[in-house]
1. Report, in debye and to the nearest 20, how large the dipole of the protein assembly as shown comes out about its Cα centre when Lys and Arg carry +1 and Asp and Glu carry -1 on their Cβ.
2. Stretch A:Asp238-A:Gln148 to full length: gain in nm at 0.36 nm per residue minus the Cα-Cα span?
3. Report the Stokes-Einstein translational diffusion coefficient (µm² s⁻¹, integer) for the protein assembly as shown, Rh taken as the Kirkwood radius over Cα pairs, at 37 °C with viscosity 0.692 mPa s.
4. Residue by residue through the range A:92-102, what is 3J(HN,Hα) from phi via Karplus (6.51 cos²θ - 1.76 cosθ + 1.60, θ = phi - 60°)? Round to whole Hz and write x for glycine and proline.
5. Around A:Thr83, which amide H atoms from residues at least 5 apart in sequence, or from another chain, sit under 5 Å from its own amide H, with H modelled in the peptide plane?
6. Just to be sure I understand the model, the point goes 7 Å from the Cα along the line to the Cβ. What's the resulting B:Thr347 to A:Asp171 distance in nm?
7. Using alpha carbons only, how many degrees (0 to 90, rounded to 10) separate the axis of helix A:57-70 from the longest principal axis of chain A?
8. Taking the Cβ-Cβ separation of A:Asp104 and A:Leu158 as r and a Förster radius of 25 Å, what is the calculated FRET efficiency to the nearest 0.05?
Amino acid sequence: MDHSDKNVLVVGGGIGGITAALELASCGIKVTMLESGPSIGGRMIQLDKTFPTLDCSTCTLSPKMVEVALNHNIDLMSVSQITHMTRKGPGFLVGIKKNPRYVDQDKCTACGSCAEACVMKGRVPHEFNMLLGKRAAIYIPFPQAIPQKYLVDPERCLFVSRGKCKKACMDACETGAINFDDTGEEFEMYFDSIVLAPGFDVYDPTEKQELGYGTLPGVVTGLEFERICSVTGPTAGDILLDGKEPKRFYFIQCVGSRDRQSGARYCSRVCCMYTAKHACIVRERIKDAEIYISYIDVRAYGKGYDEFYKTTQENGALYIRGIPGEVVEGDGCLIVRVEDMLSGEMREIEADMVVLATGVRPRKTTGVLCDILSIDRDEYGFIKVDAVTPSLTNADGIFVCGMGSGPKDVPDTVASGGEAASRCMEYIAKGAGS
Amino acid sequence: MPEQTATRVLTCIQCGKCTGGCPESGKTPFNVRMLMRKTQFKSDIEESLPWYCTSCGACTIRCPRDVKPSEVVIELRAKLVEDGDIPLALQKALENTFVQKNPWGRSRNKRADWLEKLDFEVPHVSGTESKRLLFVCCIQAYDPRCMVIPVNVARLLKAGGMEFGVLGEEEACCGNEIRRIGESGLFEELQEENLGSFTEYGVQEIIALSPHCMNALKKEYGDTGIKVVHYTEVLAKMIAEGSLSFPGSFEKKVIYHDPCFLGKQNGIFDEPRAILKAVPGLELLEFSRSRETSLCCEGGGGRMFFEVESVYQRNAEVRVIDAGKRGAEIIAAACPFCVMTLEDPATEKGLVVKELSEILMEVL
Ligand SMILES: Cc1cc2nc3c(=O)[nH]c(=O)nc-3n(C[C@H](O)[C@H](O)[C@H](O)COP(=O)(O)OP(=O)(O)OC[C@H]3O[C@@H](n4cnc5c(N)ncnc54)[C@H](O)[C@@H]3O)c2cc1C
Ligand code: SF4
Ligand code: SF4
């Protein structure tokens, strides 16, 4: 069947949205991919490696991102959002706001001269690196970003936010790509169907004061640790804490998952495995590291996962059954107080770095998105889905995939992206028939 | 054990989070997680064990399954109380409270004696316009070491221009510790008696002197419609608004110890610190375990009324050692129980323990 007159909107450019978009595009459907951030890639592009194969995350995902950029059936809109929606028969009239990037995408060659010249260079906390490390006000979030173009952060650019700057970036740009008169665009577009892939945020453990996040140096979250390990991260891939290589690592699982105190009674599905992955990365890069992992139970379901857990243990990561009650300041180190339940001993273990395997939460903006589209969410704020058709939302013609509907790892997200794409095509085909 | 509690215990996943933060587990034969496990199986529990718990609340605040271990401990105690299998000293404290409305068994008609130390009159709460009650607390009404605290706070409130009254001999023990010993019947009696007075005199607001009383009055007396605050909240506000200031100077290094019932359990961390920071010359230090991770002094949950075996190092001693290491001269606390438990080891090591109001009186 020819679908070339059909348009689908994919919201979110993580691995879930990318999978759905590529699948739809390969069937000839015109896809508009709407990404609120400056680049597609989502959380997966922030990861160093992926379990259980320890493949380089960027190496796996980057080619797919490039495919999105090159695919003639896909129109990618970055720094964009949905403003409103009205139903039109089986389809949707959607209001889209493309925020200004202040850099002409046709002229920018991504040479980076502008960022070098920017007076804010090295002064803006870098979101992509979980605020570790600094960037300029004109920047590209990471080297493999798609679009492969620079953009201006309007909140931190002195000219955009305060109207006052010598605009050294403009002088530096040889192609004259920078345009401070850019006001973005707002328009309406018709779509036959919508696929949502808004992904997730991680739990902010600041409120669990007993774990010292935000108060004790050396306590970081799992996602921060991914950035610390990554070659595109703030330390260029060296595991460093204040310039020094930590030797004693303590990983704590289930922080903000399976936890009534923080309102998340569910298991986040990825933390056990990503913690095992972190242990493997540490062992590979710091041969004499001491590695401890506190767990309640290790959820290594399915093929290849329990094997991975065993390898992690063989590599000398000590698994301790028992969740620490407290992380406190010691003499030039952190002290983790934990009941090592299997030996029945209370231990106070010294560590240089404590990594909290923080759980998964819906993206903060998912509520607004769902309100605009009249989509129901569950008690946690994830998008509510049909029990046997996990991409089906309460709205006819709107589908969901990835973390947006609940915790999933990459393989599950990819599977759900495929499912959402095929349900979407089914819906469009039905519409065409009637 | 009430069905609700039993059901909660069944959902315990034995994660050990409770033991990891418990001030008693590990160093004594007590292990709170193990108690939950044994409760799941209704196994026998050695009867000395439940008495180690200090009711610090850390386990209940942090348990991911909301099992409320410290409440389960209270239920285990309740059973022992019912069977009469409880330490003699605790038995005595309960009887005393039943008769004299205070665990020490001091005569009820001496409860207002501390007022004689004041050079001004404090009215009965019924005679105040604001119907604001200063709730004194048993230990501060009777104990010679602690009696100075209500005297000080009364002076400070007066200096700040705040009207308040007392219940005098009509005040009964708040019952906070009594409930935690497992005598819920007696707790309810005390609650009824105090609530009766509050209603009779139209009490609108309560300033509690002890964090333990504040906890009971605020969280365990049901929906009374009465605003309950700790005195440090009131003083901090006065200082911020400028109605209370300190002309004197106190050139000392002071370390502040967060009481469990004020800090962990009721989130009051900043007010006592703000007060100390307002004292000219005072240098405020912090323990390595402060605020939410403050190490319990072991004065709560009935532990004030009896001694557990003394072979285990007291947390108060650990606290004093840490204070010394940090260069403190004075340990400040805002709870009479903390003052009492910390004082012995502190004196031994040449440190001084002061209740917050004692420092303030020196600079007022
Ligand atoms: C520390 C950590 C380590 C991990 N390690 C692994 C691993 O090793 N292996 C593995 O399989 N999985 C791992 N995971 C899980 C993996 O990150 C997720 O499965 C995957 O990223 C989910 O992809 P997604 O597309 O659903 O969501 P996301 O990756 O979150 O992408 C969502 C995208 O949508 C965009 N977006 C959101 N809302 C809107 C909106 N309203 N409008 C427009 N755009 C929007 C976002 O900007 C983002 O680009 C890990 C997770 C964490 C936290
Ligand atoms: S913290 Fe809660 S769930 Fe965990 S072992 Fe203790 S009582 Fe059980
Ligand atoms: S209340 Fe405190 S002392 Fe009692 S079991 Fe819980 S953590 Fe331990």
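1. For this selection, approximately 1320 debye.
2. Here the segment from A:Asp238 to A:Gln148 would lengthen by 29.9 nm.
3. 109
4. 9, 9, 10, x, 10, 10, 9, 6, x, 9, 6
5. A:Gly95, A:Ile96, A:Lys97
6. The modelled label-to-label distance comes out at 7.5 nm.
7. For helix A:57-70, the angle is close to 10 degrees.
8. 0.75
Throughout, read-outs are computed from the coordinates displayed, never taken from laboratory work. Model, not experiment: these values are computed from the prediction. Neighbour counts are summed over all protein chains in view; Cβ atoms, including those assigned to glycine, are modelled from backbone coordinates with ideal geometry.
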